[in-house]
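Enquirer: Below: one structure in structure tokens.
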């Protein structure tokens, strides 16, 4: 929780207020989504979905001491050291291990992007316009939000090749949403209705196709959302460090490629290695048409 009178979440609360007053959409839950790994030539696409509500809605005995809030920012703006520190602090506050929130029987459900559907309500702002609206409104709040649950969804390199990268991103997000919903139903003692009381908030301008249970949840996209909203920045950090840790772990399996250094991105050295030695199962073959000669495995 913030120790000052200034909220860490003025933009989240203004967004909920804006939706209520201008779009007649009255919601209390924000599901913040961010993905990582879209531009890599190796490894999975990973999405984190985190569920946020006003701290006043959370029973006191279940409230987390969110001491990591000052550290949160768009993961791309943080050094690797600061990302890892923030990630460790988050897991410690939730008494979680890195693998406990990403594995589930729903991890690979849905298994095909053709089962996903468009959301009924889709609203987009660019960051500058959104912040201009907030400034003109003179909106002020001292309220805080709390992250109640968070979940990861993954699409493999093979799925990237099978469906294309955007379809794979949507699959990963759908899996994260399904797992988040399961966590909320199984573990939450809140009176709020996950599917009726939520919006989906994410970075960019493209809207996700989602599982049919989620089509009535309004989908809000805002450019640079991972910088504008602490909630999306949180998901950005969780997704980034989780994926980086996975790629580091793959060094033992495929030591030739140095995944711990570049995390699957197409650095000059990485691409040169692929061209000279071939690819491994972690590589996205559809991303390597200009440099791949063969495969090692």
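The values are calculated or read from the model by the stated rules, or taken from the named source; none is laboratory data. Source: prediction; values computed, not measured. We place every Cβ from the backbone using ideal geometry, glycine too, and count neighbours over all the protein chains shown.
Enquirer: Let me confirm something: among 183, 177, 201, 152, which residue is in contact with a helix residue (DSSP H, G or I) (Cβ under 8 Å, 6 or more places away or on another chain), in the same structural domain as residue 75 (by TED's automatic domain parsing) and not in a strand (DSSP E or B)?
Expert: Values: 183 fails: in contact with a helix residue (DSSP H, G or I) (Cβ under 8 Å, 6 or more places away or on another chain); 201 fails: not in a strand (DSSP E or B); 152 fails: not in a strand (DSSP E or B).
Result: 177 is the single residue among 183, 177, 201, 152 that is in contact with a helix residue (DSSP H, G or I) (Cβ under 8 Å, 6 or more places away or on another chain), in the same structural domain as residue 75 (by TED's automatic domain parsing) and not in a strand (DSSP E or B).
Enquirer: Another one. I'd like the full set of residues that are in contact with a strand residue (DSSP E or B) (Cβ under 9 Å, 6 or more places away or on another chain) and part of a helix (DSSP H, G or I), limited to region 248-266.
Expert: Across region 248-266, the qualifying residues are 257, 259, 262.
Enquirer: Quick check: is even one residue across region 267-278 in contact with a helix residue (DSSP H, G or I) (Cβ under 7 Å, 6 or more places away or on another chain), closer than 20 Å to residue 36 by Cα and not in a strand (DSSP E or B)?
Expert: yes
Enquirer: Hey, does region 116-128 have a residue that's surrounded by fewer than 16 Cβ atoms within 10 Å (Cβ to Cβ) and over 30 Å from residue 190 (Cα atoms)? Please lay out each step first, then the result.
Expert: Going residue by residue through region 116-128, those that are surrounded by fewer than 16 Cβ atoms within 10 Å (Cβ to Cβ) are 117-118, 120, 122, 124, 126, 128.
Applying the additional criterion that residues be over 30 Å from residue 190 (Cα atoms) yields 126, 128.
Yes: region 116-128 contains one or more residues that are surrounded by fewer than 16 Cβ atoms within 10 Å (Cβ to Cβ) and over 30 Å from residue 190 (Cα atoms).
Enquirer: Is there a residue being touching a strand residue (DSSP E or B) at 6+ places or on another chain (Cβ under 6 Å) and closer than 30 Å to residue 283 by Cβ anywhere in region 181-201?
Expert: Looking for residues that are touching a strand residue (DSSP E or B) at 6+ places or on another chain (Cβ under 6 Å) and closer than 30 Å to residue 283 by Cβ, one finds none in region 181-201, hence no.
Enquirer: State whether one or more residues within region 127-147 are in contact with a strand residue (DSSP E or B) (Cβ under 7 Å, 6 or more places away or on another chain), closer than 20 Å to residue 223 by Cα and at pLDDT 95 or above.
Expert: Yes, there is a match, as at least one residue in region 127-147 is in contact with a strand residue (DSSP E or B) (Cβ under 7 Å, 6 or more places away or on another chain), closer than 20 Å to residue 223 by Cα and at pLDDT 95 or above.
Enquirer: Do we have residue 167 as buried (at least 17 other Cβ atoms within 10 Å of the Cβ), over 17 Å from residue 49 (Cβ atoms) and touching a helix residue (DSSP H, G or I) at 6+ places or on another chain (Cβ under 8 Å) here?
Expert: In short, yes.
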